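Note sheet for the following structure.
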Amino acid sequence: MPNVLIVYGTSHGQTRKIARRIAEHLDSRGIAAEAHDVRDLSRSFQVSRFDGVIVGGRIWMSKVPRDLREFARGYRAVLESRPSVLFSVCLAVLNSTPEARAEVAGMLPKFEKATGWRPLRSAVFAGALPYTKYNFFLRWVMKRIATMAGRDTDTSRDYEYTDWDQVARFADEFADLVQPRVQARSETAAPPL
């Protein structure tokens with residue numbers, strides 16, 4: 001059975017929720033998946049024991065969290081030796097203005113340049129507006145951004161914009177990358193008849 005590592009960086013929980021949903025979807029396809037917050041990984045964590053790796057992080061100020069960039073840079077050789085993909089969580093994906101589209105399109109090249117790692121595939125998922133989890137200042141900033149983008153502004157509740165069907169398709173595409181690799185490895189290891 002293939003085993004997969006999902007490493008994520010989150011600030012208010014939506015990226016964790018997406019990572020866990022991907023893990024559940026992979027498990028349903030017969031792939032053992034472990035989801036870990038990048039901040040919880042020890043230096044002795046053995047990334048090389050996994051058949052594939054998914055890296056996921058929220059985007060803030062057009063950047064993936066520093067811990068995740070350091071993970072990708074530090075494990076670049078391991079990531080490049082097996083199927084590895086990236087997902088980002090960003091509300092800008094909901095904005096259809098040319099500026100927002102350019103911002104979203106520029107995220108992956110910035111990440112690749114900062115880490116040296118080129119994921120096989122990448123996806124950007126819409127996140128959430130968890131107003132009730134924000135401090136006063138962040139709530140005010142996010143409400144202003146939401147107002148300009150035509151999004152929900154009632155700060156007494158939270159809003160989720162993630163397209164769970166898109167997340168499932170991403171997980172399926174990754175499963176299709178990992179399963180043939182594991183099958184090929186087991187076929188070459190099998191003794192001749």
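Observations
- Counted residues, the range 1-22 - those being open to solvent by less than 10 Å² (accessible area, probe 1.4 Å) and part of a helix (DSSP H, G or I): 4
- Residues of the range 103-144 satisfying the condition of being more than 20 Å from the chain's Cα centre (by Cα) and closer than 30 Å to VAL53 by Cα: LYS133
- Any pair with Cβ under 6 angstrom, 6 or more apart, that starts in the range 95-111 at a residue that is without any contact (Cβ under 8 Å) to a residue 60 or more places away in the chain and ends at one that is open to solvent by less than 70 Å² (accessible area, probe 1.4 Å) and part of a helix (DSSP H, G or I): ASN95/ALA149; ALA100/ALA92; GLU103/ALA92; VAL104/ALA92; VAL104/VAL93
- Flag if GLU34 is touching a residue at least 12 places away in the same chain (Cβ under 8 Å) and open to solvent by 10 Å² or more (accessible area, probe 1.4 Å): yes
Residue by residue, here is whether (1) open to solvent by 50 Å² or more (accessible area, probe 1.4 Å); (2) modelled with pLDDT of 80 or more; (3) in contact with a helix residue (DSSP H, G or I) (Cβ under 9 Å, 6 or more places away or on another chain) holds:
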site	(1), (2), (3)
ARG58	yes, yes, yes
MET61	yes, no, no
ASP67	yes, yes, yes
ARG76	yes, yes, yes
LEU86	no, yes, yes
VAL93	yes, yes, yes
ALA102	yes, yes, no
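The values are calculated or read from the model by the stated rules, or taken from the named source; none is laboratory data. On a predicted model such as this, the values are computed, not experimentally measured, just so you know. Backbone-built Cβ (ideal geometry, glycine too); neighbour counts: all protein chains shown. The area values use the complete protein model at the heavy-atom level, side chains included, leaving out ligands, DNA and RNA. Shrake-Rupley method; radii C 1.70, N 1.55, O 1.52, S 1.80 Å.
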